[in-house]
Amino acid sequence: MRIKAIAAAAGCLVLAGSLTACGGTASADEKVVTVYSADGLKGENGDGWYDQVFKDFEKKTGIKVEYVEGGSGEMVQRALREKSNTQADVMVTLPPFIQQADSKGLLDTYRPKGADQVDGGDKDADGSWTAVVNNYFSFIHNKKELKQPPATWEELLDAKYKNKLQYSTPGVAGDGTAVLIKAMHDFGSKDKAMAYLKKLQANNVGPSSSTSKLAPKTDKGELLVANGDVQMNYAQSKSMPNLGIWFPKTSAKPGAEPTTFALPYAAGLVKGAPHTENGKKLLDFMLSEGAQKQVSSVGGGFSARKDIKATDANAIALTKLMDGVEVFQPDWADVEKNLPSYVDAWKTATGS
């Protein structure tokens with residue numbers, strides 16, 4: 001996804017090529033914090049969870065949030081290029097990219113207040129990162145054109161989906177990488193998954209570095225099916241009435257269930273950050289009870305804290321959406337270690 005120039009809750013300008021605070025050169029005591037984040041938590045119309053949280057955070061602390069958005073892999077690569085002149089204070093990505101950021105020495109150790117209420121599987125044991133919004137991988141369809149979404153992966157090979165199907169690029173987008181993870185799980189091996197994705201390529205429109213940009217195309221009917229994630233697509237569906245969320249089954253055999261896996265937005269403090277203390281304050285704020293109660297009501301996602309029991313209309317609808325869906329647990333250590341080989345195998349299979 002192209003990097004957006006956004007000054008969230010601030011009058012400062014964030015440029016794609018460089019980051020400059022309102023007063024010029026950054027200093028440790030400056031009232032600013034820079035966030036590098038995967039897309040999905042900022043609203044299309046300023047009505048997302050980030051929009052509310054950043055606004056509330058600035059009001060409480062006087063610290064302005066400068067925000068840079070892109071694919072999960074894109075954000076890690078950008079921070080890696082800037083390692084000798086760090087610009088970001090906080091990084092938020094989907095797995096396995098938060099683990100990748102940690103393994104490349106980009107993250108510092110910090111356990112935000114409230115992290116004790118986050119399940120062990122949703123945070124790093126050594127304190128390098130913590131989930132701030134729980135989420136699940138999913139697909140979307142145009143429910144005006146498709147009254148019922150395809151039930152299985154195999155149905156997507158039908159000729160009616162030719163040039164009407166698209167998924168974001170593995171290795172660049174977190175949700176695109178999730179396509180590989182789910183396919184390898186559902187088909188039982190890397191080789192079987194790649195053989196399937198090779199056949200699917202006949203219907204695929206082509207690469208997309210942005211998952212969020214696939215939803216408007218699907219809503220308009222330019223695409224019938226695309227990939228995504230529950231939080232982002234549920235939030236988008238408020239202004240895109242033709243979006244439907246679904247999960248492919250492993251097969252059409254009786255008893256086969258649709259499957260997915262948790263794909264949380266995980267946040268960490270960037271090592272050598274120019275505004276470390278401000279970054280800590282923002283991480284604390286994102287995991288605070290008030291912000292976490294807004295994850296479903298404002299953001300259409302799932303609270304990362306197990307002590308938050310949301311009962312708003314969005315929370316009820318999300319619970320119903322997940323009913324009957326089997327949730328499996330990826331081996332994130334394996335995925336992070338072998339991601340380059342998985343992406344290379346995908347490129348070979350699809351000719352991408």
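Being under 17 Å from Pro274 (Cβ atoms), modelled with pLDDT of 95 or more and of a type in the set (Gly, Ala, Ser) is true for just one of Ala10, Ala79, Ala26. Which residue is that? Before you say what the answer is, go through the steps one by one.
Numbers: Ala10 fails: modelled with pLDDT of 95 or more; Ala26 fails: modelled with pLDDT of 95 or more.
The unique qualifying residue is Ala79.
Just to check your reading of the model, which residue among Val133, Val172, Val179 is modelled with pLDDT under 95 and either buried (at least 22 other Cβ atoms within 10 Å of the Cβ) or touching a Pro at 6+ places or on another chain (Cβ under 9 Å) (or both)?
That would be Val172, the only listed residue that is modelled with pLDDT under 95 and either buried (at least 22 other Cβ atoms within 10 Å of the Cβ) or touching a Pro at 6+ places or on another chain (Cβ under 9 Å) (or both).
Say whether the condition of being touching a helix residue (DSSP H, G or I) at 6+ places or on another chain (Cβ under 8 Å) and closer than 26 Å to Lys60 by Cβ is met by at least one residue in segment 254-264.
Pass one, segment 254-264, residues touching a helix residue (DSSP H, G or I) at 6+ places or on another chain (Cβ under 8 Å): 259-264.
Applying the additional criterion that residues be closer than 26 Å to Lys60 by Cβ yields 264.
Checked against the condition, which is being touching a helix residue (DSSP H, G or I) at 6+ places or on another chain (Cβ under 8 Å) and closer than 26 Å to Lys60 by Cβ, segment 254-264 yields at least one hit.
Answer with yes or no whether Lys347 is loosely packed, with under 12 Cβ neighbours inside 10 Å and out of contact with any Lys or Arg (no Cβ under 9 Å at 6 or more places or on another chain).
Working: loosely packed, with under 12 Cβ neighbours inside 10 Å: no; out of contact with any Lys or Arg (no Cβ under 9 Å at 6 or more places or on another chain): yes.
The answer is no for Lys347.
Are there any pairs, at least 6 apart or on different chains, whose C-beta atoms fall under 7 Å, with the first in segment 111-130 and closer than 19 Å to Met91 by Cβ and in the same structural domain as Ser288 (by TED's automatic domain parsing) and the second of a type in the set (S, T, N, Q) and surrounded by fewer than 16 Cβ atoms within 10 Å (Cβ to Cβ), and if so, which?
Asp126/Thr109; Gly127/Thr109; Ser128/Thr109
Just wondering, is there one or more residues in segment 167-176 that are in a helix (DSSP H, G or I) and hydroxyl-bearing (Ser, Thr, Tyr)?
no
Looking at segment 188-208, which of its residues are touching a helix residue (DSSP H, G or I) at 6+ places or on another chain (Cβ under 7 Å) and at pLDDT below 95?
If the condition is that a residue be touching a helix residue (DSSP H, G or I) at 6+ places or on another chain (Cβ under 7 Å) and at pLDDT below 95, then Ser208 is the only one that fits.
Within segment 114-124, identify whether any single residue is among the polar types (S, T, N, Q), surrounded by 24 or more Cβ atoms within 10 Å (Cβ to Cβ), in contact with a strand residue (DSSP E or B) (Cβ under 6 Å, 6 or more places away or on another chain) and at pLDDT 95 or above, and answer yes or no.
Taking segment 114-124 and keeping what is among the polar types (S, T, N, Q), we get 117.
If we keep only those that are surrounded by 24 or more Cβ atoms within 10 Å (Cβ to Cβ) as well, we get none.
No, that holds for no residue.
I'm trying to understand the selection: among the residues of segment 288-313, which are assigned to a loop (DSSP other than H, G, I, E, B) and over 29 Å from Met240 (Cβ atoms)?
The first filter runs over segment 288-313 and keeps only residues assigned to a loop (DSSP other than H, G, I, E, B), leaving 288, 298-301, 304, 306-312.
Within segment 288-313, Ser288, Lys306, Asp307 qualify.
Can you tell me which of (1) outside any loop (DSSP other than H, G, I, E, B); (2) surrounded by 18 or more Cβ atoms within 10 Å (Cβ to Cβ) is the one Ser210 doesn't meet?
(1)
Tally up the residues in segment 52-75 that are of a type in the set (A, V, I, L, M, F, W, C), surrounded by fewer than 24 Cβ atoms within 10 Å (Cβ to Cβ) and in a helix (DSSP H, G or I), please.
Selection size over segment 52-75: 0.
From the list Leu269, Leu243, pick out the single residue that is crowded, with 19+ Cβ neighbours inside 10 Å and within 30 Å of Ala151 (Cα to Cα). Full working, then the answer.
Details: Leu269 fails: within 30 Å of Ala151 (Cα to Cα).
Of Leu269, Leu243, the one residue that is crowded, with 19+ Cβ neighbours inside 10 Å and within 30 Å of Ala151 (Cα to Cα) is Leu243.
The values are calculated or read from the model by the stated rules, or taken from the named source; none is laboratory data. Just so it is clear, the structure is predicted and the values come from calculations on it, not from any experiment. Counting neighbours? That spans all protein chains shown, and the Cβs are built from the backbone with ideal geometry, glycine included.
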